[in-house]
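Notes follow once the structure below has been shown.
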Amino acid sequence: MAHVLLGGFLSSLAQADDLVALARKEKERRARIAKPVKVFTEEDGKGAAARGSGSVTTLAGGSPSPDQANRQAAAGDSTDAQRAAWKQRADRARGAVASAEKMLEQMERDLAALRSDLTPLSAADAQDPMRLQKREVRIVEMNKQIQAQKAAIAEARQALSAFEDEARRNSVPAGWLR
């Protein structure tokens, strides 16, 4: 019984020493911190934009930033031309996603047909002793192509999302993109 009490007492002393060492390390770490971190506010951003060393991004629905307004005015494009340009870019981005998805569907249909082994064979192919192995190799190749196509679809969707974000940042009305 005495051994248990003595062991418990010694372990609590060791923990106390660990806490003291930990507190000392934390105090040293805080002493090494040179200066506090600066928190930037909206006023700081507006001041930097006024000096020309930064910009302030406005959320959709707000007025465009002075920089955006200047670019639009400098371009001299009419509203109809801007609308047509945004619509064309939106159609291209959506078209890229649609065509990539359509290609994936066709690739999956081709793979299913190859797996079902219902394609007509010539006499030479039917007697080829390596026909099944070649078919398996072709299936593996098609699976790799399908994975690459899925990655292309994800990339096209990401490009569409980035385009829509750009349109929001430029305060483009949603109707222009339809």
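Annotations
- Inspection of region 71-86 identifies at least one residue that is at pLDDT 75 or above, closer than 21 Å to Asp165 by Cβ and open to solvent by 70 Å² or more (accessible area, probe 1.4 Å).
- Meets criteria (over 26 Å from Gly175 (Cα atoms), surrounded by 14 or more Cβ atoms within 10 Å (Cβ to Cβ) and modelled with pLDDT of 90 or more) for Ile139: no
- Residue match in region 116-132 (condition: under 27 Å from the mean Cα position of the chain (by Cα) and more than 21 Å from Ala174 (Cα to Cα)): no
- Qualifying residue in region 166-178 (condition: under 28 Å from the mean Cα position of the chain (by Cα), open to solvent by less than 40 Å² (accessible area, probe 1.4 Å) and at pLDDT 90 or above): no
- Residue satisfying condition, being at pLDDT 80 or above and in a helix (DSSP H, G or I), within set Ala49, Ala23: Ala23
- Given (1) under 30 Å from Leu177 (Cβ atoms); (2) polar (S, T, N, Q); (3) outside any helix (DSSP H, G or I), number of the condition Thr119 does not satisfy: (1)
- Residue match in region 167-174 (condition: touching a Leu at 6+ places or on another chain (Cβ under 7 Å), under 30 Å from Arg83 (Cα atoms) and among the hydrophobic types (A, V, I, L, M, F, W, C)): yes
- Considering Gln158, Gln149, the condition of being open to solvent by 40 Å² or more (accessible area, probe 1.4 Å) and either in a helix (DSSP H, G or I) or within 30 Å of Arg83 (Cβ to Cβ) (or both) is satisfied by Gln158 alone.
- Candidates are the residues of region 37-46 that are in a loop (DSSP other than H, G, I, E, B) and at pLDDT 65 or above; the one that is farthest from the chain's Cα centre (by Cα) is Lys38.
The values are calculated or read from the model by the stated rules, or taken from the named source; none is laboratory data. Predicted, not measured: the structure shown is a model, and the values here were computed from it. Neighbour counts are summed over all protein chains in view; Cβ atoms, including those assigned to glycine, are modelled from backbone coordinates with ideal geometry. The protein model used for the area step is the full one, side chains on, heavy atoms only, and it has no ligands, DNA or RNA in it. Shrake-Rupley method; radii C 1.70, N 1.55, O 1.52, S 1.80 Å.
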